[in-house]
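The values are calculated or read from the model by the stated rules, or taken from the named source; none is laboratory data. Treat the numbers as computed from the prediction; the structure is a model and nothing was measured. Ideal geometry is used to build each Cβ from the backbone, glycine not excepted, and the neighbour counts take in all protein chains shown. Quick note on the areas: whole protein, heavy atoms, side chains included, nothing else; ligands and nucleic acids left out. Shrake-Rupley method; radii C 1.70, N 1.55, O 1.52, S 1.80 Å.
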Amino acid sequence: MKNTVQTLMDTAAADTELLQVLDQQGDHFALSRDVEFVLRAPSEERASLVAGFFNDLHYGDATVGEHEGLYSVFVTVHTTIEQPVILSISGFITCISQLYDMEYDGWSCAPQISRAIAN
């Protein structure tokens with residue numbers, strides 16, 4: 001298992017690449033939207049524990065999903081995706097995944113194009 005600092009560096013690089021893709025699509029990062037973060041859990045119990053952590057402390061709206069016996073936690077946060085903001089949230093979720101021995105699988109959102117840009 002990689003150490004936390006290396007994992008945070010790798011995550012920041014992947015996040016920056018995703019931001020570049022969204023920028024090429026015309027995304028206006030300052031527009032708030034729902035962003036979904038995904039953590040892979042080794043068990044249903046772990047997934048429920050971590051979802052409860054996020055919900056109880058109001059860090060996001062977390063749900064547990066299951067597909068073919070594999071469990072995931074989906075955490076939705078309504079936020080902008082300006083680089084310092086999204087990297088901070090992603091870094092926090094990376095740390096939580098490490099603390100609970102889970103795999104952080106990144107984030108996604110629908111591109112937001114402001115009306116002024118779209119017209």
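What about Arg40, is it more than 15 Å from the chain's Cα centre (by Cα), not in a loop (DSSP other than H, G, I, E, B) and not aliphatic (A, V, I, L, M)? Steps first, please.
Details: more than 15 Å from the chain's Cα centre (by Cα): no; not in a loop (DSSP other than H, G, I, E, B): yes; not aliphatic (A, V, I, L, M): yes.
No: the conditions fail for Arg40.
Using the structure shown, decide if Leu31 is within 28 Å of Ile113 (Cβ to Cβ), in a loop (DSSP other than H, G, I, E, B) and either modelled with pLDDT under 95 or open to solvent by 20 Å² or more (accessible area, probe 1.4 Å) (or both).
Details: within 28 Å of Ile113 (Cβ to Cβ): yes; in a loop (DSSP other than H, G, I, E, B): yes; either modelled with pLDDT under 95 or open to solvent by 20 Å² or more (accessible area, probe 1.4 Å) (or both): yes.
In short, yes.
Which is part of a helix (DSSP H, G or I) and either open to solvent by less than 50 Å² (accessible area, probe 1.4 Å) or touching a residue at least 12 places away in the same chain (Cβ under 8 Å) (or both), of Ile86, Ile81? Before you say what the answer is, go through the steps one by one.
On the way: Ile81 fails: part of a helix (DSSP H, G or I).
Going through Ile86, Ile81 in turn, just one is part of a helix (DSSP H, G or I) and either open to solvent by less than 50 Å² (accessible area, probe 1.4 Å) or touching a residue at least 12 places away in the same chain (Cβ under 8 Å) (or both): Ile86.
Does Glu66 meet the test of being open to solvent by 60 Å² or more (accessible area, probe 1.4 Å) and under 13 Å from the mean Cα position of the chain (by Cα)? Reasoning before the result, please.
Numbers: open to solvent by 60 Å² or more (accessible area, probe 1.4 Å): yes; under 13 Å from the mean Cα position of the chain (by Cα): no.
No, not satisfied.
Output the residues belonging to segment 2-20 that are of a type in the set (S, T, N, Q) and open to solvent by 50 Å² or more (accessible area, probe 1.4 Å). Step through it out loud before you land on a result.
First pass over segment 2-20, keeping only residues of a type in the set (S, T, N, Q): 3-4, 6-7, 11, 16, 20.
Scanning segment 2-20 gives Asn3, Thr4, Gln6, Gln20.
Name the residue that is least open to solvent (accessible area, probe 1.4 Å), counting only residues in segment 43-63 that are in a strand (DSSP E or B) and touching a Phe, Trp or Tyr at 6+ places or on another chain (Cβ under 6 Å). Can you show your working first?
Step one: of segment 43-63, the residues in a strand (DSSP E or B) are 61-63.
Those still in the list that are touching a Phe, Trp or Tyr at 6+ places or on another chain (Cβ under 6 Å) too: 62-63.
Values: Ala62: 9, Thr63: 71 Å².
Top of the filtered list is Ala62.
Looking at (1) modelled with pLDDT under 95; (2) closer than 21 Å to Tyr71 by Cβ; (3) in contact with a helix residue (DSSP H, G or I) (Cβ under 7 Å, 6 or more places away or on another chain), which one does Met1 not meet, given that it meets all the others?
Result: Met1 fails condition (3) only.
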